[in-house]
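Undergrad: Shown below is the structure under consideration.
The values are calculated or read from the model by the stated rules, or taken from the named source; none is laboratory data. Predicted, not measured: the structure shown is a model, and the values here were computed from it. As a convention, Cβ positions derive from the backbone with ideal geometry for all residues, glycine included, and neighbour counts pool all protein chains shown.
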Amino acid sequence: MLGSGSWEGIPAPFCNCRVCESSKKQGSKDNRTRPELLIETPKGKFLIEISPDFRMQSSKFNLPNITDFLISHWHFDHMYGLLELHSWAKSRAGKIPLIYCSQKTKEWLDRSFAHIPKEVIVLEPYKRLELYGVNITPIPVYHMHDKDKDVKEGELNNSFGYVLEANGRKISYLGDYYKVPARSIELIKGSNVVIADGTFIFEELFPSRTQQSNLKSDPDHLHGKEIFNFVESLRAEKVIFHSIAHLTEKCHEELQKMLPENMFISYDGLVI
């Protein structure tokens, strides 16, 4: 996991809470860039998400030229690192980036990033593809409430999670979501690892501040105990929470101590 933070990252802009102050110490697990995962196999490497912190992540983790990217959806914290790849894609990549995503994400890419050389491959919900020896199943999820609350499960094609299978192991990655269709849940169940959204984890512990109070009504994510009820229903061996925010004002080790034995708070550089 190259990036483990929520949309703001940690330290968050203009914030001096105890988590953001902790994140400024060298080696702190509270220092979090936005979501990105590196998948490595003997046949090659690819990324899930293109974090807006991609430039720093590629240097910190000494990434080679990677040209294959799976995108969950078109929000800033999951995709806008593509802007950092403009010059690279034009002159250094060797081949243009291949971006795998939903139809709605492609429409956003065509509209907003038409100037960046790329090939966009539209994935169909539940139709498996193979990439560097990994079987990947895109699974639709409900994320943008104002856009998909009335969409039937069989027609959902905005945001994807991904089920990755290789060598008898199954890892499921869920970006952001407030509801997951039954068919997607069935494919996730029994995963060795589920990487799940933890943006509003332990919401009941949020201090009474303006930002925290305003975000408790965010309709695009699960909140507090809903998160635990959902991940427990998946019957995974391990659950790893990504998109960790500073909203609890509790540091990494404090959050980890509050979790069950098979659940973990991610951090930048975590190897799964």
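Undergrad: Filter region 179-203 for residues that are hydroxyl-bearing (Ser, Thr, Tyr) and either in contact with a Lys or Arg (Cβ under 9 Å, 6 or more places away or on another chain) or in contact (Cβ under 8 Å) with a residue 60 or more places away in the chain (or both) and give the result.
TA: Selection gives 191, 199.
Undergrad: Please return the ranges of helices (runs of 4 or more DSSP H) entirely within region 167-272 where 1 or more residues are of a type in the set (Gly, Ala, Ser) and farther than 21 Å from residue 71 by Cβ.
TA: 182-188, 210-215, 225-233
Undergrad: Condition (residue is in contact (Cβ under 8 Å) with a residue 24 or more places away in the chain, closer than 20 Å to residue 131 by Cβ and charged (D, E, K, R)) applied to region 84-91: is it met by at least one residue?
TA: No - not one qualifying residue is present in region 84-91.
Undergrad: Return the residues of region 122-141 that are in a strand (DSSP E or B) and surrounded by 14 or more Cβ atoms within 10 Å (Cβ to Cβ); say none if nothing qualifies.
TA: Once the filter is applied, which keeps residues that are in a strand (DSSP E or B) and surrounded by 14 or more Cβ atoms within 10 Å (Cβ to Cβ), region 122-141 yields 122, 129, 131, 134, 136, 137, 138, 139, 140, 141.
Undergrad: Being surrounded by 15 or more Cβ atoms within 10 Å (Cβ to Cβ), over 21 Å from residue 22 (Cα atoms) and modelled with pLDDT of 95 or more narrows it down to one residue among 245, 196; which is it?
TA: Checking each option against the conditions leaves just 196.
Undergrad: A further question on this structure: Among the numbered conditions (1) modelled with pLDDT under 95; (2) within 30 Å of residue 183 (Cβ to Cβ), tell me where residue 232 comes up short.
TA: Looking at each condition in turn, residue 232 falls short on (1).
Undergrad: Which residues, counting only those in region 104-121, are in contact (Cβ under 8 Å) with a residue 24 or more places away in the chain and exposed (fewer than 14 other Cβ atoms within 10 Å of the Cβ)?
TA: 115 - this is the single residue of region 104-121 that is in contact (Cβ under 8 Å) with a residue 24 or more places away in the chain and exposed (fewer than 14 other Cβ atoms within 10 Å of the Cβ).
Undergrad: Something else: Considering (1) out of contact with any Gly (no Cβ under 9 Å at 6 or more places or on another chain); (2) assigned to a loop (DSSP other than H, G, I, E, B); (3) surrounded by 21 or more Cβ atoms within 10 Å (Cβ to Cβ); (4) not aromatic (Phe, Trp, Tyr), say which one residue 16 fails and leave the rest.
TA: Among (1) out of contact with any Gly (no Cβ under 9 Å at 6 or more places or on another chain); (2) assigned to a loop (DSSP other than H, G, I, E, B); (3) surrounded by 21 or more Cβ atoms within 10 Å (Cβ to Cβ); (4) not aromatic (Phe, Trp, Tyr), residue 16 violates only (3).
Undergrad: Further question on the same structure: I'd like to know if region 142-159 contains one or more residues that are in a helix (DSSP H, G or I), modelled with pLDDT under 95 and basic (Lys, Arg).
TA: Yes - at least one qualifying residue is present in region 142-159.
Undergrad: May I pose another question? Just give me the residues in region 31-59 being surrounded by 14 or more Cβ atoms within 10 Å (Cβ to Cβ) and among the charged types (D, E, K, R), in sequence order.
TA: 32, 34, 36, 45, 49, 53, 55
Undergrad: Just wondering, is there one or more residues in region 85-104 that are of a type in the set (Val, Ile, Thr) and assigned to a loop (DSSP other than H, G, I, E, B)?
TA: Among the residues of region 85-104, at least one is of a type in the set (Val, Ile, Thr) and assigned to a loop (DSSP other than H, G, I, E, B), which makes the answer yes.
Undergrad: So which residues in region 10-53 are touching a Ser or Thr at 6+ places or on another chain (Cβ under 9 Å) and hydrophobic (A, V, I, L, M, F, W, C)?
TA: Listed by number, the residues that qualify are 10, 12, 19, 46, 48.
Undergrad: Can you name the number of the only condition in (1) at pLDDT 95 or above; (2) in contact with a Phe, Trp or Tyr (Cβ under 8 Å, 6 or more places away or on another chain) that residue 215 fails?
TA: Against the list (1) at pLDDT 95 or above; (2) in contact with a Phe, Trp or Tyr (Cβ under 8 Å, 6 or more places away or on another chain), residue 215 comes up short only on (1).
Undergrad: On the basis of being closer than 19 Å to residue 172 by Cα, modelled with pLDDT of 95 or more and either in contact with a Lys or Arg (Cβ under 6 Å, 6 or more places away or on another chain) or crowded, with 17+ Cβ neighbours inside 10 Å (or both), does residue 28 make the cut?
TA: no
Undergrad: Here's another thing I want to ask about it. If you take the residues in region 154-188 that are in contact with a helix residue (DSSP H, G or I) (Cβ under 6 Å, 6 or more places away or on another chain) and among the polar types (S, T, N, Q), which one is farthest from residue 140 (Cα to Cα)?
TA: 172
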